[in-house]
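Report on the following structure.
The values are calculated or read from the model by the stated rules, or taken from the named source; none is laboratory data. In this text, all values refer to a predicted model and were calculated from it rather than measured experimentally. Glycine gets a Cβ as well: all are built from the backbone with ideal geometry, and neighbour counts include every protein chain shown. Ligands, DNA and RNA are stripped out before the accessible areas are found, and what is left, the full protein with its side chains, is counted by its heavy atoms. Shrake-Rupley method; radii C 1.70, N 1.55, O 1.52, S 1.80 Å.
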Amino acid sequence: MNKLTLTAALLASAGFASAAGACETTLRSSDTHPEGYPTVVAVEKMGEILKDSTDGSLCVEVFHSAQLGQEKDTIEQTQFGVIDLNRVSLGPFNNIIPETQIPSLPYIFRSVEHMHKVMDGPVGQQILDAFAAHDLIGLAFYDGGSRSFYNSEKPIQSMEDLAGMKFRVMQSDLFVDMVSALGANATPMPYGEVYSSIQTGVIDGAENNWPSYESSGHFEVAKYYTLDQHLIVPEVLVMSKKTWDSLSADQQEAVRAAARASVPVMRDLWAEREKASEAKIVAAGVEVITDIDKTPFIEAMVPVYQKYVTTDTLKDLVTRIQATE
């Protein structure tokens, strides 16, 4: 067991010990976001629902703020069963599970409402089912907001403004290719390294949603936010298949039901958080660029779709998403 995994196991064991008096089994859940963030609160709510529905048989303890590691590391730990539950962005799964590339495609969703309808339906369930082959159980999709570019150098209003700039992206080939297609340079790196990398000039900026841009403090070092909304990527709540297989059928159904019940809680909190984060960012003097023609950006994505939408299964998913009204 490597040092990182051992540290995670010790932290998780400590959490288990503190909650053991209240529950028969406490499931350890990881999130890179801070305490109070909508995804963190939603999984905490899931834990409350699960505790009630199983009469104290199962509980959840959330380790927020990347206490158990950054997303790439926690995915591996969840596959190994060191972590039981994990709230993760879809991006890091793109190189592992092909189906997750589809909702990660730029401009695949017309709106947040369109994304909700798709991911709550048969297409979303098909993508969740694809996790099982990778030692994970897909439970539910949360909102990740619309992602836009921000940087420390200048306002971006066109693709020409992006040329040659360095942007952090999630550790996903698809995200790298998206940024490259726009004429910029993509730098994959863990979320926790972005602030210092912008501050020291290693990168010019990154791309993310309003709440993440605000809660991370990135707006302090990157004062230009271009509302191009190139991605509306859901986030996913997964469980270790090793943990899942240790549960009874009734407990498994209780976990699924509690995860589903946490989704509207998360979405309501998310909508409130987006408004609050936007207000805080604007008040801090960030220049928000809204006057942007998205058409050239969309047209530049044609080779990205051609590269990633290659199988009949993936082509069918794209067709069904585009046909969803």
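If only residues of the range 182-199 that are among the small types (Gly, Ala, Ser) and under 24 Å from residue 297 (Cα atoms) are counted, the one that is least open to solvent (accessible area, probe 1.4 Å) is 184.
Per-residue answers, yes or no, for (1) outside any helix (DSSP H, G or I); (2) open to solvent by 40 Å² or more (accessible area, probe 1.4 Å); (3) of a type in the set (A, V, I, L, M, F, W, C):
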| residue | (1), (2), (3) |
| --- | --- |
| 103 | yes, no, no |
| 108 | yes, no, yes |
| 113 | no, yes, no |
| 117 | no, yes, no |
| 149 | yes, no, yes |
| 154 | yes, yes, no |
| 180 | no, yes, no |
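Looking only at the range 50-79, residues that are open to solvent by 10 Å² or more (accessible area, probe 1.4 Å), over 20 Å from residue 171 (Cα atoms) and among the hydrophobic types (A, V, I, L, M, F, W, C) come to 4 in all. Here residue 85 fits the description: in contact with a Ser or Thr (Cβ under 7 Å, 6 or more places away or on another chain), farther than 17 Å from residue 233 by Cβ and buried (at least 24 other Cβ atoms within 10 Å of the Cβ). Restricting the range 277-297 to residues that are surrounded by 13 or more Cβ atoms within 10 Å (Cβ to Cβ), aliphatic (A, V, I, L, M) and touching a residue at least 40 places away in the same chain (Cβ under 8 Å), the residue that is farthest from residue 159 (Cα to Cα) is 281. Close Cβ contacts (under 6 Å, 6 or more residues apart or on different chains) running from residues in the range 157-177 that are of a type outside the set (A, V, I, L, M, F, W, C) to residues that are open to solvent by 50 Å² or more (accessible area, probe 1.4 Å) comprise 166/185; 171/72; 171/188; 173/95.
Per this entry, residue 99 is not counted among residues that are acidic (Asp, Glu), modelled with pLDDT of 95 or more and closer than 24 Å to residue 291 by Cα. One residue stands out among those in the range 298-325 that are closer than 23 Å to residue 116 by Cβ, part of a helix (DSSP H, G or I) and of a type in the set (A, V, I, L, M, F, W, C): the one that is most open to solvent (accessible area, probe 1.4 Å), which is 298.
Please determine whether any residue of the range 200-210 is surrounded by fewer than 22 Cβ atoms within 10 Å (Cβ to Cβ) and part of a helix (DSSP H, G or I). Checked the range 200-210: no residue is surrounded by fewer than 22 Cβ atoms within 10 Å (Cβ to Cβ) and part of a helix (DSSP H, G or I).
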